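Input: a single structure, listed below in structure tokens.
The values are calculated or read from the model by the stated rules, or taken from the named source; none is laboratory data. Everything quoted here is computed from the prediction, not taken from an experiment. Ideal geometry is used to build each Cβ from the backbone, glycine not excepted, and the neighbour counts take in all protein chains shown.
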Amino acid sequence: MILHLSIPVLLLATAITTLAAALQTAIGMGMGLVAGPLLVMVSPGFVPGPTLCGVMALSGVIAWRERAAIDAAILRQSLLGLLLGSAIATVLLPVLIRIGLPQVFAVLILGAVGLSLSGVRIPAGRWALLIGGTASGVLGTLSGAHGPPIALVLQHEAPARLRATLCAFFTVGCAIALAMLAVSGAFRASTALAGVALLPGVGLGIMLGPRLARYLDPRRGRIAVLAISALSALALLFR
């Protein structure tokens, strides 16, 4: 999908990415869920490739900074599912584009919000990690928001381990998704350039996140992320 990077588009995309990255830096979630539906309204070409670039950059920084807390066993098991899910999504993407990708994307985001609010308790066993990783691979490759399925499985882990392991998962997941999209022809030079254009917003968000964390506790932050995501997806669905 062609994406024209005019100055107003770049400024709006940077503002959205800054907000989303600051929220994730502050509370550990929000980049894909917040940025995705808002960026689609700016231009559908921002999803999935460019949004995946932004999420990968942010998650990579956090994962590296908190690498000592990463649970390698959980990461390995969930990445097996993620690889399968990304492959499934790559096959589905051409069909969804013909149906109407923005509308499909909005439904996916609403489903992700519903998963996040469900409160279902799932023990983080081998099969749960595999299934959660697969669902995250499908959702993330199509929308840039890998988080809700795998976060649901890992929600009862210690906060530091949860944040570090999820960010490592997102980093690898975005890289796999981008590689598969490139092979399928859905991620080209123009979409890579749009992804690079989002990086200043990611950098600003990383700097603003710790300041935001002083005023936004995790519970209120989570509510804000899910509310913004749901409202944006509804606006996209019915526009």
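Values computed for the structure shown
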| read-out | value |
| --- | --- |
| Test: ALA227 is under 23 Å from ARG98 (Cβ atoms), of a type in the set (Gly, Ala, Ser) and modelled with pLDDT of 80 or more | no |
| Conditions (1) over 13 Å from the mean Cα position of the chain (by Cα); (2) in a helix (DSSP H, G or I): number failed by THR17 | (1) |
| Candidates ILE206, ILE223, filtered to the one that is without any contact (Cβ under 8 Å) to a residue 40 or more places away in the chain, over 30 Å from VAL95 (Cβ atoms), of a type outside the set (Asp, Glu) and part of a helix (DSSP H, G or I) | ILE223 |
| Scan of the stretch 1-52 for residues that are surrounded by fewer than 19 Cβ atoms within 10 Å (Cβ to Cβ), β-branched (Val, Ile, Thr) and closer than 22 Å to LEU93 by Cβ, ordered by number | ILE2, VAL42 |
| Hits in the stretch 226-239 (condition: of a type outside the set (Gly, Ala, Ser), surrounded by fewer than 18 Cβ atoms within 10 Å (Cβ to Cβ) and assigned to a helix (DSSP H, G or I)) | LEU231, LEU234, LEU237, PHE238 |
| Any hit, the stretch 63-72, residues being farther than 18 Å from GLY173 by Cα and touching a Ser or Thr at 6+ places or on another chain (Cβ under 8 Å) | yes |
| Subset of the stretch 38-71 [among the hydroxyl-bearing types (Ser, Thr, Tyr) and without any contact (Cβ under 8 Å) to a residue 60 or more places away in the chain] | SER43 |
